[in-house]
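Here is the structure we will look at.
The values are calculated or read from the model by the stated rules, or taken from the named source; none is laboratory data. What you are looking at is a predicted structure, and each value in this text was computed from that prediction instead of being measured. Note: ideal-geometry Cβ built from the backbone for every residue, glycine included; neighbour counts use all protein chains shown. Accessible surface areas use protein heavy atoms only, side chains included; no ligands, DNA or RNA. Shrake-Rupley method; radii C 1.70, N 1.55, O 1.52, S 1.80 Å.
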Amino acid sequence: MNLKVSATIIVSFLLFFSCASHTGGDSSSGITLKSTAAKLDVSTNWTATIEEDLLSRTYREINGISGIIDVSIDFLPAAKPFYEGKKIFPRITEAYSLDTDSMPEKCYSLLDNFLKAFEKGEGLETYVEGGFVYSLVMFKYDFDRLYGNSKVLWHAIGEPFCGEGFFQCPVRLFFESEKNYDGEHADAMIFVRDGESEFKIVSVDLINSAGE
């Protein structure tokens, strides 16, 4: 046999047994890769699992949705919260929601009556707190300057910002009879104070007049 070939065979055998001894572990002493990993796992201080229930929760099990339905965003309207108790309100495009549930009934009634009086053009000062009538005068001035003789035919009251003892309420005044929330309109912000005995308007600002 050629000496060069014999040397190659011997080297190959040595490499084979060398690799085998490293990958197989010392079976005689019971030390294997698996046992070493298990020992390391036991001796390591792991942090507590965060929201462990999320790792095993079955998302089919949602109240109001059949277990045979794979839950996705498309099926959310089928859930009970969407038709039991929670109201859904329209929203004026690029403006505000018409959800006035956070507004006391007396406050809403005050605003509604004030806006109806504005549509009729009479009795506005009775809804404004004494000493703040000037705000109403400025509002009327800005409105007439910007919209002239435009007739307000109906209105919408938006979701208020509720502060300590007052409500900041957006309103929209419509010049067209059609019930279209995006129709020709003017926007205003009305501040209502929650007094000891009644609600009163303390400021009326025409939003469209800003910067004029």
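At-a-glance table
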| read-out | value |
| --- | --- |
| Residue count for region 169-194, restricted to those that are more than 17 Å from residue 137 (Cα to Cα), at pLDDT 90 or above and within 24 Å of the chain's Cα centre (by Cα) | 4 |
| Contacts under 8 angstrom Cβ, first residue in region 186-197 being on the phi < 0 side of the Ramachandran plot and acidic (Asp, Glu), partner part of a strand (DSSP E or B) and open to solvent by 50 Å² or more (accessible area, probe 1.4 Å), 6 or more apart | 194/166 |
| Of all residues in region 171-198 being open to solvent by 10 Å² or more (accessible area, probe 1.4 Å) and assigned to a strand (DSSP E or B), the one that is farthest from residue 135 (Cα to Cα) | 185 |
| Test result for residue 117, out of contact with any strand residue (DSSP E or B) (no Cβ under 9 Å at 6 or more places or on another chain), at pLDDT 90 or above and surrounded by 12 or more Cβ atoms within 10 Å (Cβ to Cβ) | yes |
